[in-house]
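To start, the structure itself, in structure tokens.
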Amino acid sequence: MPGPGAPMIESAAASVTYLFSDIEGSTRLWEADPGRAAQTVAWHDEISRTAVQRHRGAVVKTTGDGVHAVFDDPADAIAAVIDLQLALAEPSTARAPLNVRCGLHLGADQRRDNDFYGPAVNRAARIMSAAHGGQVLLSQAVADRVAGRLPQSVVLRDLGLVRLRDLGSPEHLFQIVHPALRKDFPPLRSMASTPNNLAQQLNSFVGRDHEMEQVRQLLANSRLLTLLGMGGLGKSRLSMQVAAIVLEDYPDGVWFVELAALSDPHLVPQAVASVLGVKEDPGGTVLDALVHYVRDKKLLIVLDNCEHLVHECAELAKRLLQAGPQVRMLASSRDSLRVAGETVFHVTPLPAPSADLQPSPDALLRLESVRLFVDRASAVQPSFRLTEKNAPAVAEICRRLDGIPLAIELAAARMRAIPVETIAGRLQDRFKLLTTNDRTVLPRQQTLRALIDWSYDFLPTAEQTLFQRLSVFAGSWTLEAAESVCAGGGVGGGEVLDLLTSLVDKSLVSLDAEGSRYRMLETVRQYAAGRLGSAEAAAATRSRHLDWCLAFVERAADGLVGPDASHWLAQLDDERENLLAAHRWCDHAHDGPALGVRLMHELKLYWCQRGMLSVGHRTTFEALSRVRADQRTVARCTALSDVGQFCSLMGRHHEAQRFLEESLAIARELGDRNRIAAALQSLGNASQAVGDLERARQLFDEAVERAREVGIPRQIAAALVCAGQLMRQQRQFDGAEKFYREAIDIAGGLGDRESVAVGWLNLAMVAIERQHTPEARTLLKSAADAAIATRSQSLGQAVLDVMSGYCAANGLNDDGARFFGAAEAQAERSGLQRDSADASFLLPRIEQGRASLGVDTFAAAQAEGAGWTYDEALQRAIKGLC
């Protein structure tokens, strides 16, 4: 409330300047000396009020340890904050020193009941929150208004675009610089100052201020907080907003994990691991790796949309919270997780007008549901304003929709085509039509269903058809995918873009901030899936989706071994949920067993490069299980070979041998020379790993012979490398070098830079064995450069391995231990084990280095290397080789 002598400004201006201030470190001051803190805060309030009133401003209210004030002229606001900071800077022994941060923003004059509200008020508070004690920040809007009107002693320092902790668009900020005040501060408290993956939102967050504060306080006192409520209430957006507010409390990051698109419960740990960048350990599980990762981390994990995976989310939360004492989790769900210590916060609909409320604009704008409708309606119809004339219709809409945010947003989107009065009338008719007497169904669930029905019924036939078919996508999709999967049968290929754009406009589909991928809210997607039509129509669409996924992974598989590998890895990441959905559809699709094997075969390299070995193994084994054992086909042969390779990569070599022996037998029965060559290579690797070197030699000799007969260059190169590995392990260096160089020539002709670099590493190990140090250094440097250029972490891991052996071989045992530590840390993240030939090269040298340095010294150096980041380790390797 305004203080004495500072009446609230009553005349409404087009815009005003909002000031927020806050005493930095006030909590510590209150805890240390409450009496002195009370005197200090009272003194602060007095000089703040004096400064504001002296420059024609009004104090709206005090905010605990700060003030909120408003000015008609932004120049007056700047003068007031300078006076305030100068007064605070005067030395005194009678009070504790104060560091006050201030934020200024100019925006619409929206007020009620002697208070102000709206996006501009919230933005001013966020600008203040980005500042440090003694710092004054202002927005571009304020800077533009005071241009040429600043006192001579004052300049504005341009701090550039800053992502504030409100998830809105970046704000261009400036700092006030005055000769008598501190001018240098640490980096701003922005979204960029703490690790996070919180996405910038494309529209404003309206209301729920009280709920945000409640959730923030509950989260501070509970390690697991679940936001509970039905779909469409805005649980996800609320959790993301709270996560942004508490960002600075979690130095190891705030991480948002979307689970809505996840239908496979086994993948819940992997979804979290993917966001955190955690890879499974060799021989362990993803969950084990997560448990290890969080032990010493102070971070917040937000699990969004848990309801269809409640058991798995509960188990994950329990394990992570037990392992990491400084970990906190915020979940959103339609059902609680039922984990010991869980706190539940019920998210309710936004307050809506009652039937007896006088629908005046001033009265309605006190309600968050109305403010949400006005905000979203203004976005699609910029001329829209809440008036005495349209207020009854707006009240009717918000009341009929029970204040459900999703329903309100969908209704507001209709403002693009029809007036608000028509929306209100149509809603009333539609709700009467779809009312149910089933008392087991919540009324709000009926309302949300009715609204989506209403939106669907308004769509032209072609839009309805596209809307239905889009439901087969899991997660998100591209325009090209939609055109391939959804065209035909009433939807022309050239129409998809326009139809999809129309669905975006109507809020039934959303487009990401980068403008490249589309998605549906899960509630809407489930509704669309229910509308997909007959079983035949649904099956036809899902089969087209499977066909698109197959074509995509075949292109991607070729790209993963070319110069654009990093691009294709990112593309596969985006489509992962679609690919897994296509894999599941193979249980029902015509010729599903063969198609499923094809799909998983093309994904094999992706699972390996992403360190998702357990996922690759499980899904490939599921594909194998669809092909009956009595079907001695190419499909079964391929699946057996792929499962065997995954087993080898995971260290399960004896198990691998069983799968690979059967694969080889089928390939021989079929006379498929290509499959024979592939199975021979993999079986040779497994035999080498278990120590059966004679059997491995026989298999590799035949693999090379068969590959040359087939004549596929990549197959020949792979067989040569396998044979070369065994020769190097048996110290037949001349033969190994010959095979490596031929493989490098083949890979170079294919443009496969990563394989060429692997060949250089193999030659480097041969050179180290022969004590040809200059040659080894040159080869190793070339491979390290290639690892950076290709962004292949598996190649980089191998570089660090060989670098540690190179150092040890040249008496640089400290460096050898450091690079060994870096290589082991990377292996822990990726889950990829070194093969037996590389182990036989490296491990004896590491043991010699440990003996030379002593166990403790070696361990300390290894721990130092393990602490390097992956990029830092590679840069150090390159520097050491120059």
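Recomputing semi-axes √(5λ) of the Cα gyration tensor in Å from the coordinates shown identifies the correct label among (i) 57, 38, 22; (ii) 58, 32, 28; (iii) 71, 31, 20 as (i). Using C-alpha pairs under 8 Å with a sequence gap of at least 6, the mean separation divided by the residue count of the chain gives a relative contact order of 7 percent. Cysteine residues of the chain whose Cβ has no partner cysteine Cβ closer than 4.7 Å: 102, 398, 486, 549, 586, 608, 637, 647, 722, 807, 882. In this rough spin-label picture, where each label sits 7 Å from Cα along the Cβ direction, the residue 360-residue 555 distance is 6.1 nm. Dipole of the chain computed with +1 at Lys/Arg Cβ and -1 at Asp/Glu Cβ about the Cα centre; of 685, 394, 528, farthest Cα towards the positive end is 394.
Enumerate the residues in the stretch 333-361 having an amide nitrogen under 19 Å from the point lying 7 Å beyond the Cα of residue 389 toward its Cβ. It comes to 359-361, nothing else. Label-to-label distance for residue 461 and residue 380 is 2.4 nm, based on points extended 7 Å past Cα in the beta-carbon direction.
Pairs from the list 318/506; 297/781; 235/297; 298/506 with a Cα-Cα gap above 31 Å: 318/506; 297/781; 298/506. With N the number of residues in the stretch 594-665, Rg(Cα) / (2.2 N^0.38 Å) evaluates to 0.99.
Couplings 3J(HN,Hα) for the stretch 483-488, derived from phi with the Karplus relation 6.51 cos²θ - 1.76 cosθ + 1.60 (θ = phi - 60°), are 5, 6, 7, 9, 6, x Hz, where x marks Gly and Pro.
Within straight-line reach of residue 604, meaning a Cα separation under 26 Å, sit the following lysines at least 8 residues removed in sequence or on another chain: 279.
Estimated from helices alone, the mean residue ellipticity of the chain at 222 nm is -19000 deg cm²/dmol (sum of -39500 (n - 2.57) over DSSP H runs with n ≥ 4, per residue).
Each pair of Cα atoms in the stretch 486-550 enters the Kirkwood radius, and Stokes-Einstein at 25 °C and 0.890 mPa s then converts it into a translational diffusion coefficient of 186 µm²/s. Expressed as a whole percent, the accessible area of the stretch 225-356 that falls on carbon and sulfur atoms is 50 (1.4 Å probe). Translational diffusion coefficient of the stretch 69-181 (Stokes-Einstein, Kirkwood radius from Cα pairs, 37 °C, 0.692 mPa s): 221 µm²/s.
The mean of 1/r over all pairs of different alpha-carbon atoms in the stretch 301-410, once inverted, gives a Kirkwood hydrodynamic radius of 16.5 Å.
For the chain, the dipole from Cβ point charges (+1 on Lys and Arg, -1 on Asp and Glu) about the Cα centre works out to 660 debye, to the nearest 20.
For the chain, the per residue solvent-accessible surface stands at 42 Å², with DNA, RNA and ligands left out and a 1.4 Å probe.
Segment residue 537..residue 217, full-extension length gain: 110.2 nm, with 0.36 nm per residue of separation and the alpha-carbon distance subtracted. Here's the picture: charge each Lys and Arg Cβ at +1 and each Asp and Glu Cβ at -1 in the chain, and of 452, 559, 800 the one pushed furthest to the positive end of that dipole is 452.
When the charge dipole of the stretch 202-285 is built from unit charges on Cβ atoms (+1 for Lys and Arg, -1 for Asp and Glu) and taken about the Cα centre, the candidate among 217, 228, 277 whose Cα reaches farthest toward its positive end is 228. Reducing the stretch 177-246 and the stretch 735-802 to their Cα centroids gives an inter-centroid distance of 47 Å. Note on the stretch 646-703: with charges restricted to the Cβ of Lys and Arg (+1) and Asp and Glu (-1), its dipole about the Cα centre is near 100 debye. Summarising the overall dimensions of the stretch 519-580 from its C-alpha atoms, the Rg and Dmax are 14.8, 45 angstrom.
Give me D for the stretch 821-882 in µm² s⁻¹, whole number, from Stokes-Einstein with Rh from the Kirkwood sum over alpha-carbon pairs, 25 °C and 0.890 mPa s. In µm²/s, the coefficient is 193. Between amide H atoms placed 1.01 Å from N, distances below 5 Å from residue 306 occur with 332, 333, 334, all of them 5 or more places distant or on a separate chain. Over the stretch 742-846, Cα pairs under 8 Å with separation of 6+ residues give a relative contact order of 21 percent.
The values are calculated or read from the model by the stated rules, or taken from the named source; none is laboratory data. Just so we're clear, the structure is a prediction, and the values are computed from it rather than from any experiment. In this analysis, Cβ positions are derived from the backbone assuming ideal geometry, glycine residues included, and neighbour counts consider all displayed protein chains. The area values use the complete protein model at the heavy-atom level, side chains included, leaving out ligands, DNA and RNA. Shrake-Rupley method; radii C 1.70, N 1.55, O 1.52, S 1.80 Å.
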